[in-house]
Amino acid sequence: MNFDTRVLNASEPQNITAAAGLLRQGDVVAIPTETVYGLAANALDEGAVAKIFEVKGRPSDNPLIVHIAEVDALKDLTSRLPDTVIELARRFWPGPLTMVLPSSEKVPSLTRAGLDSVGIRLPAHPVARQLIAAAGVPLAAPSANLSGKPSPTSAAHCLEDLAGRVPMIIDGGPCDVGVESTVVSLTDGTPRILRPGAVTPEQIEAAVGSVVIDPVVYAKPDPDAPVASPGVKHTHYAPKAKVVVLRGDWENCKRFLAEQASEGVWALVFEEELENCPLNALSLGPVKSEETQALRLFSLLRELDEKGARMVYARAPRQEGMGLAVYNRLIRAAGFRQLTIES
Ligand code: TXA
Ligand code: MG
């Protein structure tokens, strides 16, 4: 890995052709999707997939999501299609929903980290779909950050992490969603949410009647228990600073924060709280706009690193709708450290 990384604009058709050429020959390219940028390679080529793990420094027990450009591609990649899949695909594809399904033999074991299931997503970003179609193969793509870092929501973030490690980054502008796709397992019975995202549990329930939210969404998994989604075991989204999620009403939190004021101590607060926050602070967005919070979160975590933050207190988002996705990423960035200020 010693590339002179090129960042190319997605609006030039020859750049799409160049990226597709690299993907076809088994190379890795960072690409835009509507959620976060992905580090893409041919999902069916074990050698290409091995490069993804190497470039990211990703543990080999963490399976990749396979991205397709047409619903039809599902047949080849799965061994069985539960009824709910068609309904969920009809409602939420193209879009930020990954379905974990029984895998066919065609998907290399490395892509799915040895599991007998495979995560599949049909992204909404037109550039992602153009690239999959131009490459002519499904693309395995985890988020295009180094393992453990916040996911990239712009080409500049990708370059920060991947300069010299990949030949090409396709710049499709800032992502629309800002947090990774909802991961829902459909391998047995009731759909089970393994990672919350922009497609909410409420929406899935309305579409197919029932849904279970896996306990890993809310809390640190027991290290000895088998987990449904291996990704949750690993450190995630961590900035250099120590992050603590702060609960309690704002008046109490404000008093607590005033006592913490010191060099390198920052707060992530809601827009409404910014003006009278007693610490250096950045805004997560309006308290009731989970969409804005999702859009900003990863970028804010990177910005805090740039500012030299060593300690960050972050206000806990609401756990409803898309707020659950923001909350889930934040407690992981905090290594599950949470503090409730009661008086
Ligand atoms: O929005 C997204 O999903 C982005 C963009 C690039 O599409 N991709 C992404 O990939 O976030 P990654 O690798 O960072 O996260 C994939 C998650 C992990 O938590 C992984 O454990 C889970 O999906 N996953 C993938 N395949 C799975 C499987 N067969 N069974 C259970 N979990 C799976
Ligand atoms: Mg990731």
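The values are calculated or read from the model by the stated rules, or taken from the named source; none is laboratory data. Given the structure is predicted, the values throughout are model-derived calculations rather than measurements. Quick reminder, even Gly has a Cβ in these numbers, built from the backbone with ideal geometry, and neighbours come from all protein chains shown. Side chains are part of the model used for accessible areas, which takes the heavy atoms of the whole protein and leaves out ligands, DNA and RNA. Shrake-Rupley method; radii C 1.70, N 1.55, O 1.52, S 1.80 Å.
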*Is one or more of the residues making up segment 63-83 outside any loop (DSSP other than H, G, I, E, B), surrounded by fewer than 17 Cβ atoms within 10 Å (Cβ to Cβ) and small (Gly, Ala, Ser)?*
no
_Tabulated pairs, segment 148-168, first assigned to a helix (DSSP H, G or I), second at pLDDT 95 or above and among the acidic types (Asp, Glu), C-beta under 8 angstrom, 6+ apart or interchain_ = Ala155/Asp171
*Which of (1) of a type outside the set (S, T, N, Q); (2) out of contact with any helix residue (DSSP H, G or I) (no Cβ under 7 Å at 6 or more places or on another chain); (3) surrounded by fewer than 18 Cβ atoms within 10 Å (Cβ to Cβ) does Gly95 not meet, given it meets every other one?*
(3)
*Provide a single number: the residues in segment 231-253 that are at pLDDT below 70 and surrounded by fewer than 18 Cβ atoms within 10 Å (Cβ to Cβ).*
3
*asked:* Quick check on Thr98: is it under 18 Å from Val28 (Cβ atoms), within 16 Å of ligand 2 (Cβ to nearest atom), polar (S, T, N, Q) and at pLDDT 95 or above?
replied: no
_Residue ID - nearest to Asp76 (Cα to Cα), chosen from residues in segment 1-50 that are in contact with a Lys or Arg (Cβ under 8 Å, 6 or more places away or on another chain) and not aliphatic (A, V, I, L, M)_ = Asn42
*From the options Tyr237, Tyr218, residue that is away from ligand 2 (no atom under 16 Å from the Cβ) and closer than 30 Å to Glu272 by Cβ*: Tyr218
*asked:* Cβ-Cβ under 7 Å, sequence separation 6+ or interchain: first residue in segment 68-80 and touching a residue at least 24 places away in the same chain (Cβ under 8 Å), partner open to solvent by 20 Å² or more (accessible area, probe 1.4 Å) and not in a loop (DSSP other than H, G, I, E, B). Which pairs?
replied: Ala69/Arg129; Ala69/Ala133
*Extreme residue, surrounded by the most Cβ atoms within 10 Å (Cβ to Cβ), among residues of segment 114-126 that are of a type outside the set (S, T, N, Q) and over 18 Å from the mean Cα position of the chain (by Cα)*: Leu115
*Select from segment 128-147 the residues that are within 18 Å of the chain's Cα centre (by Cα) and open to solvent by less than 20 Å² (accessible area, probe 1.4 Å) and list them in ascending order.*
Ala128, Leu139, Ala140, Ala141, Pro142, Ala144, Asn145
*Considering only segment 27-83, how many residues are under 21 Å from Ser151 (Cα atoms) and among the hydroxyl-bearing types (Ser, Thr, Tyr)?*
4
_When the residues of segment 174-197 are narrowed to those that are within 16 Å of Ile31 (Cβ to Cβ) and open to solvent by less than 20 Å² (accessible area, probe 1.4 Å), which ends up farthest from ligand 2 (Cβ to nearest atom)?_
Cys175
_Matching residues, segment 150-168, being touching a helix residue (DSSP H, G or I) at 6+ places or on another chain (Cβ under 6 Å) and either within 12 Å of ligand 2 (Cβ to nearest atom) or under 19 Å from Gly197 (Cβ atoms) (or both)_ = Pro150, Ser151, Pro152, Thr153
*Among what's in segment 19-37 and is within 14 Å of Lys51 (Cβ to Cβ) and not charged (D, E, K, R), pick the residue that is farthest from ligand 2 (Cβ to nearest atom).*
Gln25
*asked:* If Thr35 satisfies all but one of (1) over 26 Å from Ser299 (Cα atoms); (2) of a type in the set (Ser, Thr, Tyr); (3) open to solvent by less than 50 Å² (accessible area, probe 1.4 Å), what's the number of the condition it fails?
replied: (1)
*Any idea how many residues of segment 22-43 are within 15 Å of ligand 1 (Cβ to nearest atom) and outside any strand (DSSP E or B)?*
9
_From the list Ala18, Ala48, exactly one residue is within 16 Å of ligand 1 (Cβ to nearest atom) and not polar (S, T, N, Q). Which is it?_
Ala48
